[in-house]
Amino acid sequence: MKSKGGEPERWVMSICPYCGVGCGVEVGVRDGRIMKVKGMRGNPANLGELCHLGMALKDMPEKERLLYPMIRKDGVLRRASFKEAIDTVAERLMETISMYGPDSVAMYISASEYIEEYYVYNKFMKGCIGTNNIDSSARLCWASGVMGIVGAFGQDSPPCTYGDIELADMFFITGYNMVVSKPVLSRRIARTKRKNRATIVVVDPRRTPTARMADIHLRIRPGTDILLHNGLARVMMDEGLIDEDEARGLVHNYDEFRAHIEKVDMDGVAMTTGLDVEEIERTARAIARAERVLFLWGQGLNQSTTGTGKVSTLLNIAFVTGNIGRPGCGPLAVTGQTDAMGLREVGALPHLLPGFRKVTDEEHRKEVASIWGIAPERISKSRGKTFPAILEAIDKGEIRALWIIHSNPLSTFPDTGWIKRVLEGIDFLVVQDCYHPTETTSLAHVLLPGSQWLEKEGCMTNSTRGLNLVEKALPPPGDARPDLEIVMAVARRMGYTGEFWYRNTEDIFEEYKTLTRGRPNDITGVSYRRLRKERSLQWPIPDPAHRGTERRFTDRRFPEGRLFLGIHGHTPPRESPDSDYPLLLITGVIPFHFHSGTRTGRMKLSLPVREPFVQIHPVDAVRYGVTDGEYVEVASRRGTLRLRAVVTEDVMEGTVFIPYHFGYLTGWNKAVNMLTIRAYDDVSAQPEFKACAVRIRGC
Ligand code: SF4
C-alpha cells in the first residue's frame, strides 16, 4: 500500500481510520496503490483538514504485514492454508461449546471496524453461538463517557455536531490533551478563540499543549474531578448564577441535586483538588456568564474508577447552566476510535443488540430474532461479560476460547504481566489482525490475516452520529481477506449457512438497517447509493427525504421527558501514594503515535520517539536523585520499568507521566501497562490509567 510517485487514476471517498473525529478523506489510487491523500472538503468533521496521522495514511506500513494464516504446531506458529485455519477455528469452537457450553466462548474486537463487520460478529456470537460475551476496545476509551451520557439523557445519543465549535463562546476542556489526540478539532477551537474571542478553560494536572491554549488552566490533582464539578455547582448556586426555574423544567431531580450540592465544603474542595477557592469561583462565574459553552472531555475523565461519576457531574454543569439543546453548546463527546459510535448502535457489546436494544429485554430479543430468522431463545437473556470480566473468567477456567479481532489487549489493558499469564493459560486463542508480531498475536493458537481500511467496504459512524461509507479501493495483500468474510467462513463451517446468506456488504447493511426502524439511530432513509452521493449523514435519518439530524434535543424533549443530574461524591483512586510508592503515575498520549502502535509503531511518522520516557517534576527529581536524560527505574506493585527521565514542570510535583503507546515487544521494561493497576469503574468497567502508585530511582 506504499505510495510511489505519479498521479492517481481515480479518487475514492473514505474517512480516516484513526480517531473518533472521523475526518473525511479523499484517496487517490493507481495500480492498487495509494498515491495521494487529502482532506475531504465540505465534510463536517474536518472541513478539508487532516492531522499528521491522516496525512500519513498514504504510507500505510507493509512491514510485518500478516499475509497468510498461521497455526501453532509444537509450540511454533507455522504457515497454513485458509481452509485449514477455518476448519481448525470452527472445529475447536464447536468442541469447546459442546464440552463447556456457549458461554465458554468470547470475542474481543476493535472499535475501528465497520458497522457491517460489527453486525456480522454480533449475529455470529449472539444469534448463532448463543452467548453475549462480545466486547470491544471501546471499553478502554469511551465506556465511562457513554454511561455518563446514558445516565443523563436516558439514551446513547450524543447531542452536538462539529459545527457547534464555531458557534461557542467558551470551551470547557477537561482531562483531554486534544492538541495531540484530536488535532483537527483543537485547531478549530483555536480559530474560534481568535475569531469569537472565545474563552478556553482546561482542567488537567499536566501542562499539556492543550493546557497552553487555555485562558484558565486548572491544575487539579489527579482523580479529584468530581469534587471540582460539585464545587463549581456550589459556587453557582450560592451566587444565584443558576436559573432554578429553568433547571427544574429541564431535569427530573434538581431539588435532590441542590440538597447534595449544599453539603459541598469549598475549603475541602480546594484542599483535595489542590486549587484555590478563588480559581474555582472565577471559573464558575465565567461558565455561568457565557452564552454558549461546549464541554469536551477525554480519557482523564473516562479512564478512572470513578469515570462515570466524573462525566455525570461534568454534564450537571452543562445542564444547570442551560447549555443544552441550543447551537454552540452542550457536551461534544468525541471517542478515541473511529467507529466507537457505530459499534454501540449495532450493539456489539455484552448488554446490547442492534438499534440500542437490550439483551435483557424479551421484546427486543424477539424483534432481533425475527430479522435474524432464528428462534428468540437462541439469544441469551443474560448480559455478557465485559473484557475485564472475560479475562477473570479465563483465569477461572470458565471461558476456554477467545477470538480477538484487530486489537492488542496485551499492550493496552492494565497489569500486562497478569494478562499474559491468563492468555497463556487459555485452551484456544484465535487472533485476527493485519500485522504480526504484536504482543497479542504472538500468543495465538491460530492467526488469521485480516484487512484494513481501503481493503474492504463498509460504513462508519463518527462521534456526532455522522454515517459515512468507506469504499474499497485496494485488494488485500497475500491471502488476507475482508474480516467479515473470515468470520462468516467460520460460521458457515459451523453450520450457520442460512444466517449468513449475504451476497455482499450492502446486503448486510440493508438487513441491519431494518433493525434501526423507529430506534434512536434510525437510518432507514439511507442507502449506499445515497451515502456515495451525500457523503456524511447524521442519524436519525428515518426516510429517504430526511436530510439527517444535525443536533439532537433542540426542542428540549428528551427520551425520559427531562434530563437527570448525577449525584456523586468524591472517592479517591483505588491506589494512592504511600511511603513505599510515593508518586502517582498518569499515562497518556504523545504525538505521532496512535494507541498500541500496531500501525504507527511501524511507520516513519513515529521515528522521533521510538521508546517511552518518564516525566518527573524537578522537585521530585532532586528528592529521588534523578537527573534529566538518565535512565531510571520506575516500579509499581506489579512491575518495574527502565526509562529515560525527562525532568519538567509540565507534570505536578508528586506525579509522573509515561506515554502508553509501547507494549513489551518494545522491551520487557518499557511497557507502562506492566505498572498500571487492575482497577475498573463499577458502572462502565473502564480501567484506571490515570492513577497508580509508583516509586522512582536512578539506576
Ligand atoms: S483528527 Fe483523527 S480522524 Fe482526523 S485526521 Fe487526525 S487522526 Fe484522523
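With kT/(6 pi eta Rh) evaluated at 10 °C and eta = 1.306 mPa s, and Rh the Kirkwood radius from Cα pairs, the range 583-698 diffuses with a coefficient of 110 µm²/s according to Stokes-Einstein. Taken about its Cα centre, the chain carries a charge dipole of about 1880 debye when Lys and Arg each add +1 at the Cβ and Asp and Glu each add -1 at the Cβ.
With the charge dipole of the chain set up from +1 on Lys and Arg Cβ and -1 on Asp and Glu Cβ about the Cα centre, the Cα lying farthest toward the positive end among the listed residues Gly48, Gly127, Trp539 is that of Gly48. Taking a Cβ cut-off of under 15 Å around Thr335, the surrounding Lys, Arg, Asp and Glu residues balance to a net charge of 0, with basic ones at +1 and acidic ones at -1.
Neighbour counts of C-beta atoms inside 10 Å place Lys73, Lys126 in the sequence Lys73, Lys126, starting with the fewest.
What the phi angles of the range 323-339 give under the Karplus curve with 6.51, -1.76 and 1.60, with θ = phi - 60°, is a coupling list of 8, 7, x, 10, x, x, 9, x, x, 9, 9, 10, 6, x, 10, 4, 10 Hz, glycine and proline written as x.
Taking label positions 7 Å along the Cα-Cβ direction at both Arg644 and Trp11, the computed distance is 4.1 nm, reported to one decimal. Each part reduced to its alpha carbon centroid, the range 461-488 and the range 398-412 end up 20 Å apart.
For an R0 of 45 angstrom, estimate the FRET efficiency from the Cβ-Cβ distance between Asp59 and Glu95 and round to the nearest 0.05. Computed FRET efficiency for Asp59 and Glu95: 0.60. The HN-Hα couplings worked out from phi for the range 82-98 by the Karplus form 6.51 cos²θ - 1.76 cosθ + 1.60 (θ = phi - 60°) are 4, 4, 4, 5, 5, 4, 5, 5, 4, 5, 5, 5, 4, 4, 4, 5, 5 Hz, whole numbers, x standing for Gly and Pro. Considering only Thr338, Thr360, Val430, and ranking their Cα positions along the charge dipole of the range 326-463 that arises from unit charges at the beta-carbon of Lys, Arg, Asp and Glu, the one farthest toward the positive end is Thr360. Relative contact order of the range 568-670, taken over Cα pairs closer than 8 Å and 6 or more residues apart, is 35 percent.
Charge tally around Ala90: other residues with Cβ under 12 Å, Lys/Arg +1 each, Asp/Glu -1 each, net 0. Potential lengthening of the chain between Val277 and Ser81 amounts to 63.9 nm, from the contour at 0.36 nm per residue minus the alpha-carbon distance. Once Lys and Arg get +1 and Asp and Glu get -1 on their Cβ, which of Pro591, Tyr664, Tyr624 lies farthest toward the positive end of the dipole of the range 583-698? Of the listed residues, the answer is Tyr664. By definition, a body whose alpha carbon gyration tensor gives a ≥ b ≥ c is oblate when a/c is 1.5 or more and a/b is not larger than b/c, and the range 493-586 fits this oblate description. Among the GluC sites (Glu not before Pro) in the range 157-264, those placed in a DSSP loop whose Cβ has at most 13 other Cβ atoms within 10 Å are Glu239.
For the range 555-678, the dipole from Cβ point charges (+1 on Lys and Arg, -1 on Asp and Glu) about the Cα centre works out to 740 debye, to the nearest 20.
Each peptide among 205-217, 401-413 gets the average number of other Cβ atoms lying within 10 Å of its residues, and from highest to lowest they stand as 401-413, 205-217. Database remark: amide H of Phe356 closer than 5 angstrom to the amide H of Gly347 (H placed geometrically; neighbours at sequence offset of 5 or more, or on other chains; Pro and chain starts carry no H). Applying the Kirkwood pairwise sum to the alpha-carbon positions of the chain produces a hydrodynamic radius of 25.7 angstrom. Could you tell me whether the range 143-331 comes out rounded, prolate or oblate from its Cα gyration tensor? Rule is a ≥ b ≥ c as square roots of the eigenvalues, rounded for a/c under 1.5, then prolate if a/b exceeds b/c, otherwise oblate. The shape class here is rounded. Each residue, Glu166 and Asp255, gets one label point 7 Å from its Cα in the Cβ direction; the gap between the two is 4.5 nm. With charges only on Cβ, +1 for K and R and -1 for D and E, what is the dipole size of the range 10-59 about its Cα centre, in debye, rounded to 20? I would put it at about 180 debye.
A simple rule links phi to the HN-Hα coupling: the Karplus curve 6.51 cos²θ - 1.76 cosθ + 1.60 with θ = phi - 60°, which for the range 200-205 gives 10, 10, 10, 10, 6, x Hz, with x for Gly and Pro. Loop-located chymotrypsin sites (Phe, Trp or Tyr not before Pro) in the range 405-509 (DSSP state other than H, G, I, E, B) with a sparse environment of at most 12 neighbouring Cβ atoms within 10 Å: Trp501.
Readers should treat all values here as calculations from the given coordinates under stated rules, not as data from a laboratory. Computed from a predicted structure; not experimentally measured. Positions of Cβ are backbone-derived with ideal geometry, glycine not excepted, and every protein chain shown enters the neighbour counts.
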